[in-house]
1. Evaluate region 455-560: find the radius of gyration of its Cα atoms, find its Kirkwood radius, and give the ratio Rg to Rh.
2. To check you understand DSSP bridge types, tell me what percent of the beta bridges within the chain (both residues inside) are antiparallel, rounded to 5.
3. Per DSSP H run of n ≥ 4, the term is -39500 (n - 2.57); total these for the chain, divide by its residue number, and report the mean residue ellipticity at 222 nm rounded to 500 deg cm²/dmol.
4. Using bins 10 angstrom wide from zero, how does P(r) for region 531-638 break down, in % of all Cα pairs?
5. Counting other C-beta atoms within 10 Å, which of 452, 443, 161 has the fewest, and how do the rest follow?
6. Hey, fewest Cβ within 10 Å first, where do 529, 399 land in order?
7. Going by Cα centres, region 343-361 and region 533-596 are how many Å apart?
8. For a footprinting-style exposure proxy, rank 411, 518 by other Cβ within 10 Å, fewest first.
């Protein structure tokens, strides 16, 4: 995560001609809000086209047109001074009213101060920023998990097509392109999706989408493309394959819409639209995408929710591609900063005439595509307390407190439900509230009633599962208006198997493999219980008695839990008992009061474990109501001081883009929030942490 200053250059079409240029500077170190500079610019596409064969002349003319106003040049220079000694991110944001400006060669821009090429500077990182209408946050992944899908389409009848009314399309050497892709991706594991006539397998649109459902981080797509302004819809078209191996010419908009329909966690973080080599007809050594159709596909993908897209703006030499791509991925693997990787790779080929052709489209405020997991001292510091934590697990003196993040990999973030409810019910207050499920649920419960809210909450869980796993859920269930408790649980078990494998160590199975006596969970299903049963345990399930509607048989527990008969304690209710669910803001406030009033009704073994064992907080975010509510209960009990006797407590918080802007500051803040140095903070996801813990505990 970065805290670099950024200069956003926005362009929007003006009534009466020309474009409004807005320069907006943001420096995280500067608390002052600065008004943007707005001026009018005129861009002459006819004259620009006259410089197409000379990238330097093109860039000079484009720069002169953009910074013709002395105030704009001065503002640009002032941002350079303000960012001195740091990296300045230069973001070009083209409004939808001026979408045709994407066809201009912005990557040729020169520095208005000294005339040098902007796009190769690693202290001034250029990218095209695309605003998205999608509300889903971009959830970052750990560097260690990266996987790439390489899709290469080579229809058998390409030579029957001549989309530019010149030379027909030429066959693609699939083996050569796959080899080139592997060389470019380096250490990143590759799953190939390519034409295989011997097996009767083809790169059809459906097969491509099915392969994306496996959740690759990177899609490296090689195919022919062309622009068609007369088609419906107009825009870029891709030559994929039909079931018989012949061409299926598909609208880029259609493919983008299908990708947008995928769950956010399954969409690639990066799409590379790699130009394929043109064979024969004297064109060997150059890509066949003379129109830049794949670059036109880039903005469509960004609107579909893809965080970053790399494409070529026209016919690029394969020598340039061969030099550019390996450097790009090598630099990207270092720190995940995609705009810096672009600048470094472009610098490698800067002496070539077509070095400006690679283009980066982003919808990331932070340019990071992934993060490096680790403890509060940073990923470079070794965690010193594995031994004590592993010993606590082995001796049964450890309690897992499981947050919503553990199951969000299956059903998606709760904020997705909030966003859909806010839109459906016309939430009238601040847009910043629309991701807060308790706040939106509160509004819905007032507008409707509590019973309605509980019903639609269960329905929302069902809808998320149907949307995310259409291939897993039986058609009769997918079409049913409602599911009973048994159906919900069966579907959850099915999608857990599809996501993590029936026998693989997903996070819940890894938790069960710790064989702890007590598991406290904020999740509202039986997935953890089933994972424990799969590990041979006989879990005893109880619910927290925060209100009088929860019957005694659901919360009474007088036994001493053991690793063979562990207690699974649901903090915030269970779907099988709607009255137990904690959903709205009022529910959380009532919960705080109810737990304090009913403290003696909580199992004695659980109350003791909270202050006499090591606690593992797993799958929580600091601003999540479930975490804040439980932690306030914990710190307000007189026995809280006893936790200081155990310095091996681990706390895990999951990052995502826009949620945590600066990892180091977030770590420091969370440490101060806990107020005790004996809380060790791990930044990463549950699976990464549990893999390490299970391995250490097994060797303890």
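1. Ratio of gyration radius to Kirkwood radius: 1.00.
2. Antiparallel bridges make up about 40 percent of those DSSP assigns within the chain.
3. It lands at -10500 deg cm²/dmol.
4. Spelled out bin by bin, region 531-638 gives 13, 45, 37, 6 percent.
5. If I rank by nearby Cβ atoms, fewest first, I get 452, 161, 443.
6. Ordered from fewest to most neighbouring Cβ atoms within 10 Å, 529, 399 come out as 529, 399.
7. 58 Å
8. With the sparsest Cβ surroundings first, the list reads 518, 411.
FYI, it's all coordinate maths here, none of it is from the lab. Just so you know, these numbers come straight off a predicted model, no measurement behind them. Don't worry about glycine lacking a Cβ; one is built from the backbone with ideal geometry, like all the others, and counts go over all protein chains shown.
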